[in-house]
1. Provide the per-residue ³J(HN,Hα) series for region 131-143, in order, calculated from phi with Karplus coefficients 6.51, -1.76, 1.60 and θ = phi - 60°, each as a whole number of Hz, with x at glycine and proline positions.
2. How would H109, H147 line up by accessible area, probe 1.4 Å, largest first?
3. About the Cα centre, and with charges only on the beta carbon of Lys, Arg (+1) and Asp, Glu (-1), how big is the dipole of region 24-133? Nearest 20 debye, please.
4. Which is farthest toward the positive dipole end of the chain among H222, V119, F181, measuring Cα position about the Cα centre, with Cβ charges +1 (Lys, Arg) and -1 (Asp, Glu)?
5. In nm, to one decimal, how far is the modelled label at Q21 from the one at R210, with both set 7 Å along Cα→Cβ?
6. Whole-Hz ³J(HN,Hα) for each residue in region 49-64, computed from phi via Karplus 6.51 cos²θ - 1.76 cosθ + 1.60 with θ = phi - 60°, x for glycine and proline: what do you get?
7. Compute the distance from the alpha-carbon center of region 248-286 to that of region 141-157, in whole Å.
8. Is the chain rounded, prolate or oblate when judged by the Cα gyration tensor, a ≥ b ≥ c being the square roots of its eigenvalues, rounded requiring a/c under 1.5 and prolate requiring a/b larger than b/c?
Amino acid sequence: MSERRFDPTHGEWVTFATHRQDRTYKPAAAACPLCPTRPGGPGTEIPREHFDVAVFDNRFPSLSTDPPPPEIAGTDLVPVEPAYGHCEVVVFTDDHDATLADVGVARVHLLVETWARRVADLGADPRVRYVLPFENKGEAVGVTLHHPHGQIYAYPDVPPRPARELAAGRRHHDRTGRCVFCDVVAAEAGGPREVVAGEHFVAGVPPWARFPYEIDIWAREHVPSLPGTSTAARADLARVLARVLAGYDAWFGFRTSYLLGVHAAPTDGTDRDVAHVHLEICPPHRGGGKLKYLAGSETFGGAFLTDVAPELAAERLREACRDVEVPA
């Protein structure tokens, strides 16, 4: 089964991709499908002996450009449609034992450039409305392949969380005439919750942080999407992101699990006055070996409860990011 069904009780589409139950699950390093193909060794997804960053179609996609017909008929109450879209895998390095936190600024910069290029290319598909680069890192968030990698999904609609974000931005703009993220940057840059300050991007723990050690990275200027940023801005984003990720590992004392997503404008040209490119990084750790779980209040109420004050989290992470050594 590969199809989308509409939930009329929440106004959201849900994608079913049952073939993903058979995807590769925590293989041994010697059988990693994301490693390079070595001479005399088994073939992998990447038919090269060495590479910097590799991008290819996901073998087990949730969305595809040639989806099968739905297995059930939709109704007026619950429409059903083929699961159209794109799902790509982005492999950050040919080193199986590395992480994005230790590959160095130059490699992170190459990844940022790759994100920008793929957002532009995938967004050119007239059936796509939103492109989301993201990384799920670590067993604590359910990763099934340990080789450092992320994904890029291109959706036929704007997913629920970006849609709510854009709607909130529209309300703020209608009320004030300004971009809400521009106002956030003006309020947070240089303040007690700032963690890493770059020339074009600034990282901080938002005052509304949903996870105890969440860090958001905001563009200082109003730029709707990553392809619209300058070369200098993307280089600066790489420096800020590399320091934030290295700082996480330094603070927690181990390779930090996290969810990372890049939010921006829809690719159909709408909402560019209220969309503002930014990254959200949400580790599930809350210190002392404890994890932040999405339990009843979060799952059923959508109301996040956090255990660490954003000001304290920012102070701890700011010191860790300041003192950590980041490879060039």
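1. Listing the rounded values in order: 10, 10, x, 7, 9, 9, 10, x, 5, 5, 10, x, 4 Hz.
2. H109, H147
3. 80 debye
4. In the chain, that residue is F181.
5. Computed distance between label sites Q21 and R210 equals 2.8 nm.
6. Result, rounded to whole Hz: 7, 9, 7, 9, 10, 10, 10, 7, 5, 5, 6, 10, x, 7, 10, 8.
7. Cα centres, region 248-286 to region 141-157: 13 Å.
8. Note, shape of the chain comes out rounded.
The values are calculated or read from the model by the stated rules, or taken from the named source; none is laboratory data. Note that this is a predicted model, so its numbers are computed, not measured. Glycine also receives a Cβ, built like all others from the backbone with ideal geometry; neighbour counts cover every protein chain displayed. These accessible areas exclude ligands, DNA and RNA; they are computed on the full protein's heavy atoms, side chains included. Shrake-Rupley method; radii C 1.70, N 1.55, O 1.52, S 1.80 Å.
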